[in-house]
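All remarks here apply to the structure that follows.
The values are calculated or read from the model by the stated rules, or taken from the named source; none is laboratory data. For clarity, every value in this text was computed on a predicted model and none was experimentally measured. Note: ideal-geometry Cβ built from the backbone for every residue, glycine included; neighbour counts use all protein chains shown.
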Amino acid sequence: MPRLKAITTGSIPSFLDVILNIAESDTSSTLAYQDTWLAQLKANGGQLVMYGDDTWLKLFPGMFERADGTTSFFVSDFIEVDNNVTRHVSTELLRDDWSAFIMHYLGLDHIGHKAGPQSPYMITKQQEMDSVVANIYMSMEQQQHLQSTLFVLCGDHGMNDAGNHGGSSVGETSPALLFISPKFQTLDILRQSPTDSHSDFQYYRTVEQTDITPTLAGLLGLPIPLNSLGVFIPELLDLWEIRSQRTEVLLSNSRQILRKMKETFPSHSFDINSMNIACDTGPLADVDRALCAWFRVDRLLQHSSGTDKDGFHDELESTLFEFLKHAQKVISSAASDYDLRNLFLGLAITFFVVLLPLPTTYTLLSKSGPAGAFFTLCLLSYGGMMFASSYVEEEQQFWNWTFTAWVFYLHVRSSILPRCSVPSQERSTGFYRLYELLYSKYVVPSTVFHDVLTLFLVTQSRATNIPAFLILGAHVTILATMNLHALELAITSVIAQYMTFFAFGGSNSIATVDLSNAYNGIGTYNVVLVGILTFISNWAGPIWWVSAAQVLRLNQARHEREGHMAVLTFHMAATLMSVMAACTILRSHLFIWTVFSPKYLYAMAWAILNHLAVNLFGEVLHVISTTLPNHSRAE
């Protein structure tokens, strides 16, 4: 959905669209009241038809004369989603009553999510798409009413090596874009293959996705949408034989971009007569570069005297493109209009949440010696790390080393624990605790639940993670012999949750969200069920450790079980506050949208879904288990 907004409006979608894109039933992101090339085409009497991804129907309600939408989120379907489009193609190509025919195929995207780009399904699907393209082009050559048709073949996004998208890697942000028409055969723009590579070793020139909007508007003779930041694609100017018409297309594009610049930078003067910028001396800011380029355009137009010489048009076109590129860059990189009041209000609320469990947590920390110091140091280090983009991107390194250090501490503590401090009762020995954990499942619900949950998580996790559950089980067996007190167990749970999240393939990039197990056992798309299964499949490791911690808590004396939830809540609130503070302070940072904002989304998922849902449910299950009248536990 965010990329469809860029293609149709020419504007840069907001980060909120990433979240709204998950909810198929969402209608808050409709473009029905925004200026798009589709709306311009319909306003000029054109008819539009659409087949494929039903996101188009949600973005543009009532826009299409004929449409047949298919849900885009049921990624297990590689076949019907595309057959539902192809079955309409031949019929529509025979009709001459439409002005725009949109086909949004989903099969390649679904294969990427489900099986990855190296899947054996991929080549077969690409061959299928090749045949569709060939049939359409053949019809354009043979059908008289299609002689002036432009066929635009493009992807709304790419994919990474895992088949996902949403990040900023080259594979994810470099979808193909191809303009096809029999008319291009008469133009002198043919390229031989292989061509000379550019400086970045790419064989084809890249354009911004927003450039599609003004290009289509110019080719169709439509006004450019008001919020467009795109620049007309230069290669297609050759379709105009008269130079003045080419210049007029670029001037229309430039005036529209200039209007956006005035809205974005109201404090700057755009009056040529009052401009006091020294364009020919010294380095210039990006805004000033764009202003100077527009000044040169205005000067050329004033001294043109109606000339129609090729040299004049060459210089004017070059200057117009210079202005357009500078203006596009400066507007795209301009900081958003942040509501600082709400940002600080959110920080204040989170700080209040930090204070709620602080008394209980402080009491445990003050009595725990080295464990309390380790927890405090870990929390402070993590908070500071959130202000560095490189550390956010490599957060898994922090938790790997932290988990290793914590396990080493527990081993040393257990090894040097004075013999006199070890209870002499048989029921407190390691063998008794193992016996208790193995056989108490018949009387304690939490242990039965843990075994069932483990089997479920195995089916919901990646296949490569299945052996890891055996290792995690061995960890719990060893921990059961260490006689952990309340704070140590809480710290173990927190660190192990984060460690396994990253070890199971998670990261702070939206592109690593795994959808391959989000449809297990589901025949049709259901936003609630798919949402739950998506969370479970991506948080399988943390969920397992929450359950395992509740089982280990049963092995503690009753007075040692208090404070577990308080420590988890304090850690959750403190880490969330550090992420929010980093996003607020670094709101103008170069990587605010690619690194810090995705991290904030993950922090909210940890707080709302993992803590308030999973940890809270674990606490409820623990309370139920410890209040049963017939269970046997150390007091």
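Some points to look at:
- When we screen MET565, MET572, MET577 for residues that are part of a helix (DSSP H, G or I) and within 25 Å of VAL452 (Cα to Cα), the only hit is MET565.
- Only one entry in ILE543, ILE536, ILE510 is buried (at least 16 other Cβ atoms within 10 Å of the Cβ), among the β-branched types (Val, Ile, Thr) and touching a Gly at 6+ places or on another chain (Cβ under 8 Å), namely ILE510.
- Close contacts from the stretch 530-555, counting a first residue that is touching a residue at least 60 places away in the same chain (Cβ under 8 Å) and outside any helix (DSSP H, G or I) and a second that is among the aromatic types (Phe, Trp, Tyr) and crowded, with 21+ Cβ neighbours inside 10 Å, with Cβ to Cβ under 8 Å and a gap of 6+ residues or different chains, come to TRP539/PHE501.
- Test for ALA162: is it small (Gly, Ala, Ser), more than 23 Å from ASN253 (Cβ to Cβ) and at pLDDT 80 or above: no
- Residues that are under 21 Å from LEU301 (Cα atoms), out of contact with any helix residue (DSSP H, G or I) (no Cβ under 6 Å at 6 or more places or on another chain) and assigned to a helix (DSSP H, G or I), drawn from the stretch 261-274: LYS262, ASN273, SER274
- Sole residue being surrounded by 15 or more Cβ atoms within 10 Å (Cβ to Cβ), at pLDDT below 90 and in a helix (DSSP H, G or I), chosen from LYS125, LYS114: LYS114
- Test: LEU358 is at pLDDT 90 or above and touching a Ser or Thr at 6+ places or on another chain (Cβ under 8 Å): no
- THR319 being in contact with a helix residue (DSSP H, G or I) (Cβ under 8 Å, 6 or more places away or on another chain), among the β-branched types (Val, Ile, Thr) and in the same structural domain as GLU248 (by TED's automatic domain parsing): yes
- The C-beta contact set for the stretch 347-366 (first residue touching a residue at least 12 places away in the same chain (Cβ under 8 Å) and under 13 Å from HIS571 (Cα atoms), second residue assigned to a helix (DSSP H, G or I) and among the β-branched types (Val, Ile, Thr), distance under 6 angstrom, 6+ apart or interchain) comprises PRO357/THR569; THR361/VAL567.
- Within the stretch 264-313, considering residues that are at pLDDT below 70 and β-branched (Val, Ile, Thr), the one surrounded by the fewest Cβ atoms within 10 Å (Cβ to Cβ): THR281
For (1) closer than 30 Å to SER415 by Cα; (2) crowded, with 23+ Cβ neighbours inside 10 Å; (3) of a type in the set (A, V, I, L, M), each residue gets a yes or a no:
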site	(1), (2), (3)
LEU453	no, no, yes
VAL458	no, no, yes
ILE471	yes, no, yes
ALA474	yes, no, yes
GLY505	no, no, no
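- Taking each residue of the stretch 447-462 that is farther than 21 Å from TYR519 by Cβ and looking for partners that are of a type in the set (Ser, Thr, Tyr) and at pLDDT 90 or above with beta-carbon atoms closer than 6 Å, six or more apart or interchain, yields HIS450/SER547.
- Residue that is nearest to the chain's Cα centre (by Cα), among those in the stretch 59-76 that are crowded, with 19+ Cβ neighbours inside 10 Å and of a type outside the set (Gly, Ala, Ser): PHE73
- Selection status of GLY384, assigned to a helix (DSSP H, G or I) and within 26 Å of SER509 (Cβ to Cβ): yes
- Any chance ARG558 is among the charged types (D, E, K, R), surrounded by 23 or more Cβ atoms within 10 Å (Cβ to Cβ) and modelled with pLDDT under 90: no
- Only one of the listed residues (ALA480, ALA468, ALA496, ALA518) is among the hydrophobic types (A, V, I, L, M, F, W, C), under 22 Å from CYS378 (Cα atoms) and touching a residue at least 40 places away in the same chain (Cβ under 8 Å). That residue is ALA496.
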